[in-house]
1. Once you have a ≥ b ≥ c as the square roots of the Cα gyration tensor eigenvalues for region B:15-69, tell me rounded if a/c is under 1.5, and otherwise prolate or oblate according to whether a/b is larger than b/c.
2. Take the cross-link list A:Lys43/B:Lys101; B:Lys104/B:Lys157; A:Lys43/B:Lys104; B:Lys101/B:Lys158; B:Lys101/B:Lys157; B:Lys158/C:Lys37 and give me the ones stretching past 24 Å between alpha-carbons.
3. How much mean residue ellipticity at 222 nm does chain B get from its helices, if each DSSP H run of length 4 or more adds -39500 (n - 2.57) and you divide by all residues, to the nearest 500 deg cm²/dmol?
4. Among rounded, prolate and oblate, which fits chain B when a ≥ b ≥ c are the square roots of the eigenvalues of its C-alpha gyration tensor, a/c under 1.5 means rounded, and a/b larger than b/c means prolate?
5. Tell me the label-point distance for the pair A:Thr80, B:Val149, using the 7 Å Cα-to-Cβ offset, in nm and rounded to one decimal.
6. 7 Å from Cα along Cα→Cβ at both A:Glu73 and C:Gln49: what's the point-to-point distance in nm?
7. Along the charge dipole of region B:67-271, which of B:Val149, B:Phe230, B:Met120 sits closest to the positive end, that is, farthest toward it, with unit charges on the beta carbon of Lys, Arg, Asp and Glu (+1, +1, -1, -1)?
8. Which whole-Hz ³J(HN,Hα) couplings does region A:138-148 yield from phi under the Karplus relation 6.51 cos²θ - 1.76 cosθ + 1.60, θ = phi - 60°, glycine and proline marked x?
Amino acid sequence: MLTTPLFLAEEGAEGTPNPLLPAFYDILWSSVIFVVLLLIFWKVVLPRMQALLDERSAAIEGGIKKAEEAQAEAAAALETYTTQLAEARAEAARIKDQARTDAAKIEADLKARANDEAERITAQAHQRIEAERQAAFSSLRTEVGTLAIDLSEKVVGESMDDARSAAIVDRFLADLERDGATR
Amino acid sequence: MSLLASAGSEPEPFHPPSISEFFPQVFLFQEPTIAWLGEEDPIFGINRIMLVRFIAAAVLILVFVLGTRRMRIIPTRAQSLVELPLGFVRDGIAYDLLGEKDGKRFLPIITTIFFMVLAMNLTGVIPFLNIAGTSVIGVPLVLALVSYVAFMWAGIKKHPGAFFKNALFPSGVPWFLYIIVTPIEFVSTFVLRPITLTLRLMMNLFVGHLLLVLFFAATHFFMFSAGGLFPLLGVGTLAFGFAFTAFELLVSVLQAYVFAILTTVYIQLALAEEH
Amino acid sequence: MDNATTILAEINGNIGTVGYGLAAIGPAIGVGIVVGKTIESVARQPELQGRLTVLMFIGIAFTEALAFIGIATYFFMTN
């Protein structure tokens, strides 16, 4: 550093300009450059930058809005799904109940029908048995009558006319029935 | 010292840095002249330093006009290189200290000051330019005046009539202390502010240039003229030259930041309700 | 050596250099204090680092201005 003042001391005598005193052209050109730069930054660069920033924040806000919309949409979809699911569940429960009551009804029907059928079959069976009994009874009556007459003919050894034999058989049978009834 | 001084008798003498480096020959527009500070100065004179300033300003304009031409929402790498410093001045200096509303009003001035100072500082370490455009008093003085006018204008516009009262008679001080406080406030606010702004910037770059010249001139002298064991010393001075070049880079950015932020602080103080 | 002595004498005659040397002492100490206190504050409250750094640079700028006025005095005192 010491060399600087040394040199200054030598030059100072010869009229070196003082660095603190501005030359006129120095001030002039400095001002010109400043004004030009100021205008360029003010009118060109910073508005462009501001426009970019606005655009960017708008884009960010738009993005946020879009995301919010998507979220709302998703929420709505979820809502619908949930309601639909609940509805479906209720429907299923309803159907199950219905099925259960239907099944009970069918079961009861079937039971009733089976009972009816059984009764019918029983009745039929009774009727048939009665008819068969009747048939057996009448055939037996004839058979027994014939047999008894045949037997008595053989025992008596004489033939009886049919009218007499029939009256005898009837009388016999009537006695028999009367005996059966008193017993 | 004696080494350097006695070298004067060698065939190629040591060239110490000198003040006249900051006043190169005016080679264009030597006419017309004007009487200015007791001298005849060429009105439109252009010398090497003016040329360096024009180059710095042209590069600045090119970079920022072309760099902001087709801006994308998602920045490309080149675009973010332009956006980053603009964003730094906007958010880090203007909005941070002035708030968004006032910051936007003064942003053009602050941005211009920052980038003008930065560009003209950096010419000091750029090869072949090799002198900072701000190391001659014109630019620092003009910018300091701009800053001065800006904060006065801000204050007067915000507090018409009350600005000078607030600045010179701070509230909360007993009246008899105004005898001492008011002159101090006057000098520090309206006299020292522009002077310190000018001198801080100019002297930083001025001294930086002298130091660099000293180191590199000494290296040249030690390496090629002094002979003997002096080249060893030259290695040392060369290393110092590199170190100080890096330091000058730091100073360039720092001084641009300091100039811009002080301008902003002055505006902020002028806008403040009460001092 | 005689030559050197006379030149050295001329340097000594230039009181501006000494003035700058004196003028640099105060700001040097001041900048040291400003930076040191900032570091202390950041160590205490690291979350305020951004604001403190800004304040530090403003403080340094005010403090070091004195040193540069010191350099300048040489020029306006010699004329």
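Read-outs: derived from the displayed coordinates by stated rules, not from any lab. The structure displayed is predicted, hence computed values, not measured ones. Here the Cβ is made from the backbone with ideal geometry for all residues, glycine too, and neighbour counts use every protein chain on show.
1. On the way: a/c = 3.38, a/b = 1.68, b/c = 2.00.
It comes out oblate by the Cα gyration axes.
2. Details: A:Lys43/B:Lys101 18 Å; B:Lys104/B:Lys157 16 Å; A:Lys43/B:Lys104 13 Å; B:Lys101/B:Lys158 13 Å; B:Lys101/B:Lys157 15 Å; B:Lys158/C:Lys37 34 Å.
The answer is B:Lys158/C:Lys37.
3. Details: 9 runs with 170 residues, N = 275.
Roughly -21000 deg cm²/dmol at 222 nm, from the helical runs in chain B.
4. Prolate, since a/c reaches 1.5 and a/b exceeds b/c.
5. 6.7
6. Going by the 7 Å Cα→Cβ label model, 4.4 nm.
7. So the residue we want is B:Val149.
8. 5, 5, 5, 4, 4, 4, 4, x, 4, 4, 5
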